[in-house]
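K.L.:
Submitted below is the structure of interest, expressed as structure tokens.
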Amino acid sequence: MAKGGPKLGCGAKLVRFTLVFFNLIFFILGCLILALGIYILVDPSVKQLQTIANTKELQKSGIDLTYIDKCGIAFCVFGGFMFLISFLGCCGALKKVKCLLGLYSTILLLILIAEIAIGIFAAVYSSKFKELLTKTLRDSIRDQYMGQMSNKTLGSVAWDAVMYNFECCGVYNYSDFNQTNNVWTDRQDAVTPMSCCKFKNKKIDWSGTLPNTTFDINCYKNPNENNSNYKTVGDEGFKEEFKIFFF
């Protein structure tokens, strides 16, 4: 009698290979999400930004970064969960363990149901959430931002740190700093904040102070595409940093 049980047909082998392949992808994604969660929890620059922005002054405008640690924990839990599920799927498929495959299938079904529910919720409320977030951020610029990077006002420090590191200028662009009733009145001919300038040899710095690096001294008075990020949208800057971090 042949050892190892009945041989698998071509179709069964293809299904088995597909299952292992996709679980390896989920395994890698789980590791990346877990790594991101750990990064958020331990990176000093994230802690520095959280300390700077976690003030009553900014919280009045709806900006509260106390949830950063919770996001890091959530990423760790979700990444670890994906890691475990992909491990069950790979082991079940490679070793042909029915118990593991059954548990794996049940969990996948629950995940599918949850994803459908989240997808419907996101489709219905995503535009409203983005609109609310955008308004809150623009209001914080109008009511909190007081001037150049040498200004130590807490709202100014937080926005300067974000714009310097993400290489953007406001939420939409530099026009956010020209709203009606803007508290930034002592401009001294400045069109944009100095943190909107393009800095050479830039290094990550969440202090919100003027960095010790070279830049065009006229960039905030006469901004153009060569010396300033004055037309760069905030989420575009974030996307670029996201690409650098992962790729």
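K.L.:
Looking at THR134, THR66, which one is open to solvent by less than 50 Å² (accessible area, probe 1.4 Å), hydroxyl-bearing (Ser, Thr, Tyr) and either out of contact with any helix residue (DSSP H, G or I) (no Cβ under 6 Å at 6 or more places or on another chain) or at pLDDT 80 or above (or both)? Please lay out each step first, then the result.
P.N.:
Values: THR66 fails: open to solvent by less than 50 Å² (accessible area, probe 1.4 Å).
Within the list THR134, THR66, the selection yields THR134.
K.L.:
State the number of residues belonging to the stretch 174-205 that are closer than 24 Å to LYS135 by Cβ and crowded, with 18+ Cβ neighbours inside 10 Å.
P.N.:
Within the stretch 174-205, the subset closer than 24 Å to LYS135 by Cβ is 174-185, 187, 191-193, 195-196.
Keeping just the survivors that are crowded, with 18+ Cβ neighbours inside 10 Å gives 174, 176-177, 184, 192-193, 195-196.
So the count comes out to 8.
K.L.:
Hey, among the residues in the stretch 94-116 that are under 25 Å from the mean Cα position of the chain (by Cα) and of a type in the set (Val, Ile, Thr), which one's surrounded by the most Cβ atoms within 10 Å (Cβ to Cβ)?
P.N.:
As a first pass, look at the stretch 94-116 and keep what is under 25 Å from the mean Cα position of the chain (by Cα): 111-112, 114-116.
Checking which are of a type in the set (Val, Ile, Thr) leaves us with 111, 116.
On the way: ILE111: 13, ILE116: 10.
Among them, the one singled out is ILE111.
K.L.:
Right, another one. So how many residues does the stretch 160-173 have that are open to solvent by 10 Å² or more (accessible area, probe 1.4 Å) and either of a type in the set (D, E, K, R) or under 16 Å from THR136 (Cα atoms) (or both)?
P.N.:
5
K.L.:
Residue pairs, Cβ under 9 Å, 6 or more apart or interchain, first in the stretch 28-41 and among the β-branched types (Val, Ile, Thr) and modelled with pLDDT of 85 or more, second open to solvent by 50 Å² or more (accessible area, probe 1.4 Å) and in a helix (DSSP H, G or I). List them.
P.N.:
So the pair list comes out as ILE33/PHE75; ILE33/PHE78; ILE33/PHE83; ILE38/PHE75.
K.L.:
Further question on the same structure: In the stretch 147-171, which residues are outside any helix (DSSP H, G or I) and modelled with pLDDT under 85?
P.N.:
The initial filter retains those residues of the stretch 147-171 that are outside any helix (DSSP H, G or I), namely 147-153, 167-171.
Answer for the stretch 147-171, where residues must be outside any helix (DSSP H, G or I) and modelled with pLDDT under 85: GLY147, GLN148, MET149, SER150, ASN151, LYS152, THR153.
K.L.:
Also, quick follow-up: Whether any residue in the stretch 108-115 is of a type outside the set (A, V, I, L, M, F, W, C) and out of contact with any Asp or Glu (no Cβ under 8 Å at 6 or more places or on another chain) is what I want to check. Please lay out each step first, then the result.
P.N.:
Step one: list which residues in the stretch 108-115 are of a type outside the set (A, V, I, L, M, F, W, C), which gives 115.
Narrowing the set further to residues that are out of contact with any Asp or Glu (no Cβ under 8 Å at 6 or more places or on another chain) leaves 115.
Checked the stretch 108-115: at least one residue is of a type outside the set (A, V, I, L, M, F, W, C) and out of contact with any Asp or Glu (no Cβ under 8 Å at 6 or more places or on another chain).
K.L.:
Further question on the same structure: Taking PHE17 as the residue in question, decide whether it is modelled with pLDDT of 80 or more, in a helix (DSSP H, G or I), of a type in the set (Phe, Trp, Tyr) and open to solvent by 60 Å² or more (accessible area, probe 1.4 Å). Before you say what the answer is, go through the steps one by one.
P.N.:
Values: modelled with pLDDT of 80 or more: no; in a helix (DSSP H, G or I): yes; of a type in the set (Phe, Trp, Tyr): yes; open to solvent by 60 Å² or more (accessible area, probe 1.4 Å): yes.
Spelling it out, it is not the case that PHE17 is modelled with pLDDT of 80 or more, in a helix (DSSP H, G or I), of a type in the set (Phe, Trp, Tyr) and open to solvent by 60 Å² or more (accessible area, probe 1.4 Å).
K.L.:
Across the stretch 172-229, what is the number of residues that are in a helix (DSSP H, G or I) and not hydroxyl-bearing (Ser, Thr, Tyr)?
P.N.:
First pass over the stretch 172-229, keeping only residues in a helix (DSSP H, G or I): 174-178, 194-196.
Retained after the next criterion (residues that are not hydroxyl-bearing (Ser, Thr, Tyr)): 176-178, 194, 196.
Total satisfying the criteria: 5.
The values are calculated or read from the model by the stated rules, or taken from the named source; none is laboratory data. Fair warning: this is a prediction, and the values are worked out from it, not measured in the lab. As a convention, Cβ positions derive from the backbone with ideal geometry for all residues, glycine included, and neighbour counts pool all protein chains shown. Remember, those area values only see protein heavy atoms, side chains included, never the ligands or the DNA or RNA. Shrake-Rupley method; radii C 1.70, N 1.55, O 1.52, S 1.80 Å.
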